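Engineer: Below: one structure in structure tokens.
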Amino acid sequence: MKIEFKKIGFEPKKFQLSKNGIEFQGEFKKDKDGLVDILGNIKNELNVTCDRCSKEFMIKLDENIHLKASDGLYKGHLEEYDVLEFYDGMIDFDEILESEIASIKLDYHICNECEKIEDFEKEF
Ligand SMILES: [Zn+2]
């Protein structure tokens, strides 16, 4: 799903998409700095790999995300947000979802069985 920057106004608009069964929805609007403010939620289940035993398992996803999109190169500096730059005048929401999924996959994940072992080890 792509949306043209020039069509985005200060009035919040809703978006919704899904990819491989993962739901991404929320709203976006132009902010006072000329960036696009995206507030969303990613829901469903995701296959991840256990960092301890390398087994694949499912995690429940319910991630709130808040980021900014820039029409072209962003020269400013925002401490509290990730600013994504798009170079063809369009925001690509599929790309945002894909990169969020990729970064969730890179987080530390541990399966139920390994969690039990870790808890057990902590006690001794
Ligand atoms: Zn494991």
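Engineer: Any idea which residue in region 21-34 is nearest to the ligand (Cβ to nearest atom), counting only those that are farther than 17 Å from SER99 by Cβ and out of contact with any helix residue (DSSP H, G or I) (no Cβ under 9 Å at 6 or more places or on another chain)?
Structural biologist: Among them, the one singled out is GLY21.
Engineer: Restricting to region 83-97, and then to whatever is of a type in the set (D, E, K, R) and in a strand (DSSP E or B), can you tell me which residue is farthest from GLN16 (Cα to Cα)?
Structural biologist: GLU85
Engineer: What's the total number of residues in region 88-117 that are within 16 Å of the ligand (Cβ to nearest atom) and exposed (fewer than 12 other Cβ atoms within 10 Å of the Cβ)?
Structural biologist: Result for region 88-117: 4.
Engineer: Which number in (1) more than 15 Å from the chain's Cα centre (by Cα); (2) on the phi > 0 side of the Ramachandran plot; (3) open to solvent by 20 Å² or more (accessible area, probe 1.4 Å) marks the one condition that ASP33 misses?
Structural biologist: (2)
Engineer: Does at least one position in region 73-85 carry a residue that is closer than 20 Å to TYR108 by Cβ and of a type outside the set (Lys, Arg)?
Structural biologist: Yes, region 73-85 has at least one match.
Engineer: Among the numbered criteria (1) over 23 Å from LYS116 (Cβ atoms); (2) touching a Lys or Arg at 6+ places or on another chain (Cβ under 7 Å); (3) at pLDDT below 95, which single criterion is violated by VAL36?
Structural biologist: Of everything listed in (1) over 23 Å from LYS116 (Cβ atoms); (2) touching a Lys or Arg at 6+ places or on another chain (Cβ under 7 Å); (3) at pLDDT below 95, VAL36 misses just condition (3).
Engineer: Another one. Restricting to region 37-82, and then to whatever is open to solvent by less than 90 Å² (accessible area, probe 1.4 Å), away from the ligand (no atom under 16 Å from the Cβ) and not in a strand (DSSP E or B), can you tell me which residue is farthest from GLU98 (Cα to Cα)?
Structural biologist: The qualifying residue farthest from GLU98 (Cα to Cα) is GLY76.
Engineer: May I ask you to verify whether GLU85 is touching a Phe, Trp or Tyr at 6+ places or on another chain (Cβ under 8 Å), under 30 Å from LYS14 (Cβ atoms), away from the ligand (no atom under 16 Å from the Cβ) and open to solvent by less than 100 Å² (accessible area, probe 1.4 Å)?
Structural biologist: yes
The values are calculated or read from the model by the stated rules, or taken from the named source; none is laboratory data. All figures in this text were calculated on a predicted structure; none of them were measured in a lab. Because the Cβ atoms are built from the backbone with ideal geometry, glycine has one as well, and the counts that use them run over all protein chains shown. In case anyone asks, the SASA skips ligands and DNA or RNA and just uses the protein heavy atoms, side chains included. Shrake-Rupley method; radii C 1.70, N 1.55, O 1.52, S 1.80 Å.
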